[in-house]
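Undergrad: This structure is in structure tokens; I'll ask about it shortly.
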């Protein structure tokens, strides 16, 4: 649903109330052969790097340094090494805590704000939306630099909480924009009948809007989770020890199992390990992610 | 978050509307306040503090020792070579990667809008790199271009083409190419999906009309599709440019900023964390901030007419 709205707005043909019917794509059965060449090229560009990352992670020693197209002696040693690496496991734990806490808190705060922005009468709504939007364009370094000093003063430097707070600041605008567009999709009649029954706007929000917005909340949660999991600059600036480092930073500072080993094998294995859950997430929730990306993007 | 109850029939009568309006506005204020306060505290306050830090110089030896130097840090940054080099590299990176992403994204969107067997599969495959953490995207492309063990370097040297024996991350132009590729790979899906959303609302009749007028497929694309797609493409361009100007992860992992690939954010980070120059680092981060803000304002003024229309609709 929200994709449709996004599409209408994107093309600048928004007519409130009138839904564009989903068209069948045109041109079936008259595809130029060049199109197939292009399809294969696009698929290759998307998939070959994945293949090479996995390929590299399965090789060691000579077969790694010779760059074999197919590993002649595939080995899981790199994976074993990664899972025996205490720092990597700590980083995984840190990333999960940071991403889950940030996503949950952002969703609670943002659902309030998004409801007010989508539905309630409010002074300076456009200004507030613009301010929230402008936060999404802030370069993280402008916040990381002063926080580096402030956090060291007040003891939040190199702690999980010290990462969650600034990550929340960047997660909130994303969540608010995506949710606002989802809340707008919910027909007003449902709230109006709740008002008829004597509900307050806040009750209507809790009892009518929130339950109906569960798919939108799930989509927003996925998008926020991915973006928090991915964030690097704040994480690298505000941490220094394995106790607080999340996965992207740990991988960036990963060295091989021994000084004499090409570390790229283990680094690739670690990369595969943290990529698999996200790839599964994308495969399972493809439709949601696409609708959230386009809806949130058009509005935000 | 408790609220006083509103009387029923709120939408029916017009009497007492002002009281209810006030009630509703108050609720709206309370519901947005937590988010706004948090963003102000953790975004606006630190930037203000960074401004203050950037006007001082801090002793690298004695903690807490500082002196006010006014705009000296800015003067030093703007008259030295490092800032302008990082500035130039960041814009070079943004220009290259965003143009590639828009061209490739438009092509992908056109493909995904065609009806053919395997369209759903193509959409899934195209979306996959989006799930990859940027740091992993950097590592993936490092494995592709690493001397000896990389796929691209191996294929190039087997075919006897130039580039096979190059240490890609060790030379400026080559290193920049790898950084751009890593970015294009991960973020083109985003551009493609935004543009696809714009493409799907162009009515079929528009094409039929063009066909009746005897337009070729290419003419129809240039004169009908592209102009109608402009808002979606501009939107993708804005988002991608803002993101590209903040680039940090890719050069950090791939080159640590060596070989002239240091971005604005990286330069500020290096001064701050590695060289412990708090004043200089803060000045550089404020300069980065101002640069990105100026670009976003210019973009929205000159290219983002549709953004303002959307904003008006929101009211």
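Residues checked against (1) facing chain A (nearest Cβ under 10 Å); (2) at pLDDT 85 or above:
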residue: B:226; (1), (2): no, yes
residue: B:236; (1), (2): yes, yes
residue: B:253; (1), (2): yes, yes
residue: B:263; (1), (2): yes, yes
residue: B:275; (1), (2): no, no
residue: B:279; (1), (2): no, yes
residue: B:286; (1), (2): yes, yes
residue: B:303; (1), (2): no, no
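Undergrad: Answer with yes or no whether residue B:296 is within 7 Å of chain A (Cβ to nearest Cβ), under 21 Å from residue B:95 (Cα atoms) and surrounded by fewer than 22 Cβ atoms within 10 Å (Cβ to Cβ).
TA: Criteria met by residue B:296.
Undergrad: Would it be correct to say that residue A:37 is under 20 Å from residue B:112 (Cα atoms), facing chain B (nearest Cβ under 10 Å) and at pLDDT 85 or above?
TA: For residue A:37, the condition - under 20 Å from residue B:112 (Cα atoms), facing chain B (nearest Cβ under 10 Å) and at pLDDT 85 or above - is not met.
Undergrad: Determine whether residue B:55 is over 27 Å from the mean Cα position of the chain (by Cα) and at pLDDT 90 or above.
TA: On the way: over 27 Å from the mean Cα position of the chain (by Cα): yes; at pLDDT 90 or above: yes.
Criteria met by residue B:55.
Undergrad: When the residues of the range B:131-153 are filtered to those that are within 19 Å of the chain's Cα centre (by Cα) and at the interface with another protein chain (Cβ under 7 Å from one of its Cβ atoms), which remaining residue is farthest from residue A:35 (Cα to Cα)? Can you show your working first?
TA: Narrowing the range B:131-153 to residues within 19 Å of the chain's Cα centre (by Cα): B:131-138.
If we keep only those that are at the interface with another protein chain (Cβ under 7 Å from one of its Cβ atoms) as well, we get B:131-136.
Values: B:131: 26, B:132: 27, B:133: 30, B:134: 30, B:135: 33, B:136: 31 Å.
For the range B:131-153, the residue satisfying everything is B:135.
Undergrad: Taking residue B:13 as meeting all but one of (1) modelled with pLDDT of 90 or more; (2) within 30 Å of residue A:189 (Cβ to Cβ); (3) more than 11 Å from every other protein chain (Cβ to nearest Cβ), write down the number of the exception.
TA: Evaluating residue B:13 over (1) modelled with pLDDT of 90 or more; (2) within 30 Å of residue A:189 (Cβ to Cβ); (3) more than 11 Å from every other protein chain (Cβ to nearest Cβ) leaves (1) as the failure.
Undergrad: Can you work out which of the residues in the range A:260-276 that are more than 7 Å from every other protein chain (Cβ to nearest Cβ) and modelled with pLDDT of 90 or more is surrounded by the fewest Cβ atoms within 10 Å (Cβ to Cβ)?
TA: Top of the filtered list is A:276.
Undergrad: State whether one or more residues within the range B:108-119 are surrounded by fewer than 18 Cβ atoms within 10 Å (Cβ to Cβ) and within 27 Å of residue A:277 (Cβ to Cβ).
TA: Yes: the range B:108-119 contains one or more residues that are surrounded by fewer than 18 Cβ atoms within 10 Å (Cβ to Cβ) and within 27 Å of residue A:277 (Cβ to Cβ).
Undergrad: Can you pull out the helices (runs of 4 or more DSSP H) entirely within the range A:120-228 that have at least 2 residues that are closer than 20 Å to residue B:33 by Cβ?
TA: A:125-137, A:160-185, A:201-204
Undergrad: Right, something else. Of these, A:157, A:115, which one is within 29 Å of residue A:295 (Cα to Cα) and touching a helix residue (DSSP H, G or I) at 6+ places or on another chain (Cβ under 7 Å)?
TA: Answer to the check: A:115.
Undergrad: Residues B:105, B:88: which one is in a helix (DSSP H, G or I), surrounded by fewer than 19 Cβ atoms within 10 Å (Cβ to Cβ) and within 19 Å of the chain's Cα centre (by Cα)?
TA: The conditions single out B:88.
Undergrad: Suppose the filter is modelled with pLDDT under 95 and either outside any helix (DSSP H, G or I) or closer than 30 Å to residue A:161 by Cα (or both); does residue A:64 pass it?
TA: Here the answer is no, as residue A:64 does not meet what is asked.
Undergrad: Among the listed residues A:110, A:91, A:116, A:99, identify the single one that is more than 30 Å from residue B:54 (Cβ to Cβ) and either without any contact (Cβ under 8 Å) to a residue 40 or more places away in the chain or part of a loop (DSSP other than H, G, I, E, B) (or both).
TA: A:116
Undergrad: Does residue A:202 count as modelled with pLDDT under 90 and in contact with a helix residue (DSSP H, G or I) (Cβ under 9 Å, 6 or more places away or on another chain)?
TA: Working: modelled with pLDDT under 90: yes; in contact with a helix residue (DSSP H, G or I) (Cβ under 9 Å, 6 or more places away or on another chain): yes.
Yes; evaluated as a whole, the condition is true for this residue.
Undergrad: Checking the condition closer than 30 Å to residue B:59 by Cα and crowded, with 22+ Cβ neighbours inside 10 Å, which residue from A:139, A:173, A:201 passes?
TA: Being closer than 30 Å to residue B:59 by Cα and crowded, with 22+ Cβ neighbours inside 10 Å holds for just one of A:139, A:173, A:201, which is A:139.
Undergrad: Looking at B:219, B:200, which one is over 17 Å from the mean Cα position of the chain (by Cα) and at the interface with another protein chain (Cβ under 7 Å from one of its Cβ atoms)?
TA: None of the others qualify; the one that does is B:200.
Undergrad: While we're looking at this one, here's another question. Can you spot a residue in the range A:109-129 that is at pLDDT 90 or above, over 24 Å from residue A:185 (Cα atoms), buried (at least 20 other Cβ atoms within 10 Å of the Cβ) and more than 7 Å from chain B (Cβ to nearest Cβ)? Break it down stepwise before answering.
TA: Keep residues of the range A:109-129 that are at pLDDT 90 or above, which gives A:109-117.
Checking which are over 24 Å from residue A:185 (Cα atoms) leaves us with none.
Taking every residue of the range A:109-129 in turn, none turns out to be at pLDDT 90 or above, over 24 Å from residue A:185 (Cα atoms), buried (at least 20 other Cβ atoms within 10 Å of the Cβ) and more than 7 Å from chain B (Cβ to nearest Cβ).
Undergrad: A further question follows. Are any of the residues in the range B:169-185 in a loop (DSSP other than H, G, I, E, B) and under 27 Å from residue A:57 (Cα atoms)? It would help to see each step written out before you state the result.
TA: First, pick out the residues of the range B:169-185 that are in a loop (DSSP other than H, G, I, E, B): B:171.
Adding the requirement that they be under 27 Å from residue A:57 (Cα atoms) leaves B:171.
Checking the range B:169-185: at least one residue is in a loop (DSSP other than H, G, I, E, B) and under 27 Å from residue A:57 (Cα atoms).
The values are calculated or read from the model by the stated rules, or taken from the named source; none is laboratory data. Everything quoted here is computed from the prediction, not taken from an experiment. Every residue, glycine among them, receives a Cβ derived from its backbone with ideal geometry; neighbour counts consider all protein chains shown.
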